[in-house]
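K.L.:
Have a look at the structure that comes next, please.
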Amino acid sequence: MGGGVVRQSRTMASGRKPVIVRKFSRDWTAGYARPYFGQDAADLEILDLAGKVLQMPWNSVKWVCYVRDFNMSSMDQSNPERLLHKRFAVRPRTAGLWLRLTLTDGDELEGLAANDRSLVDGAGLLMTPPDMRSNTQRIYIPRPAIQTLEVMSLIGAPARRRTAPTATAEEQPELFPGETG
C-alpha cells in the first residue's frame, strides 16, 4: 500500500463528550463521558486522556463541565474548566430558570437550567454557565453536591411581535342592495 495520509478528526464521536470532572478534594480529571452518563448509577464513568476507564463515586464529584477542548498547553492547572465567571453580571437573556446554587463546600454558582421535570426528578442539574464564551459549555452538578438552590428568576422566551394588518378588511357587500329589513 502507498503512504496514504491518515486523517484524524478533532471532534469526538457523538458517543462521548469532553469533560473536566472537579472533585471536592480540589483534584480534577479530564476525559470523555457519555452524553447521559448514567446519573442514577453509583459511580461516574469516564475515559481519561490516557485511555483508562475511571470510576468516581458521585458523592466525591463537585461538578462535571462539558468543555469545548483540552488545550493542554494553555490549560491552567488550578482552573482547567476556565470557568472565570460564576455569577451573571446582568440578567440573562436566554430562556430558562436562573438558578443560584450553594454547594456543600460553600462555593456559589449561578446558571440557567431548563424549566422542566429535571429540576425535581433526576440525580442532578444540567446548567448553562454565566460566561458562554468560556471553555465550559454546560455544567452538570450532582444532587449530593448541592447544599441550597435558589430560583432567581424565570426568564421567558422573547415575545413574538405581532404584525399590524397590512390591508384593512373590506366591508361585507350587501346581498340585496336597496332592501331594508
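A short reminder: the numbers here are calculations on the coordinates, not readings from a lab. Model, not experiment: these values are computed from the prediction. Reconstructed Cβ throughout: ideal geometry from the backbone, glycine too, with neighbour counts over all protein chains shown.
K.L.:
Go through the stretch 119-128 residue by residue and turn each phi into a ³J(HN,Hα) via Karplus (6.51, -1.76, 1.60, θ = phi - 60°); whole Hz please, and just put x for glycine and proline.
P.N.:
In residue order, the calculated couplings are 6, 9, 8, x, 9, x, 10, 9, 10, 9 Hz.
K.L.:
Quick query: amide H of Leu44 versus all other amide H atoms, modeled in the peptide plane; which residues come in under 5 Å with a sequence gap of 5 or more or a different chain?
P.N.:
Placed amide hydrogens put Met56, Trp58 under 5 Å from Leu44.
K.L.:
So how far apart, in nm, are the two label points at Tyr36 and Asp48 if each is 7 Å from Cα heading toward Cβ?
P.N.:
Result for the modelled spin labels: 2.9 nm.
K.L.:
What lysines does Lys52 reach when the alpha-carbon gap must be under 28 Å and sequence neighbours fewer than 8 apart in one chain are set aside?
P.N.:
Excluding near neighbours in sequence, the set is Lys17, Lys23, Lys62.
K.L.:
Can I ask one more? In the neighborhood of Leu126, defined by Cβ-to-Cβ distances under 11 Å, what is the net charge if each Lys or Arg adds +1 and each Asp or Glu adds -1?
P.N.:
0
K.L.:
Moving on to the next point. Which whole-Hz couplings ³J(HN,Hα) result when phi for each residue of the stretch 85-92 is put into the Karplus expression 6.51 cos²θ - 1.76 cosθ + 1.60, θ = phi - 60°, listed in order with x for Gly and Pro?
P.N.:
10, 9, 9, 6, 6, 9, 4, x
K.L.:
Could you pull out every residue, at least 5 positions away or on a different chain, whose amide H is within less than 5 Å of the one on Lys17? Hs are placed 1.01 Å off N in the peptide plane, and Pro or chain starts have none.
P.N.:
Residues meeting the criterion, in which the H sits 1.01 Å from N, are Ala33, Arg34.
K.L.:
If you average 1/r over every pair of different alpha-carbon atoms in the stretch 37-130 and take one over that average, what Kirkwood value in Å do you get?
P.N.:
15.4
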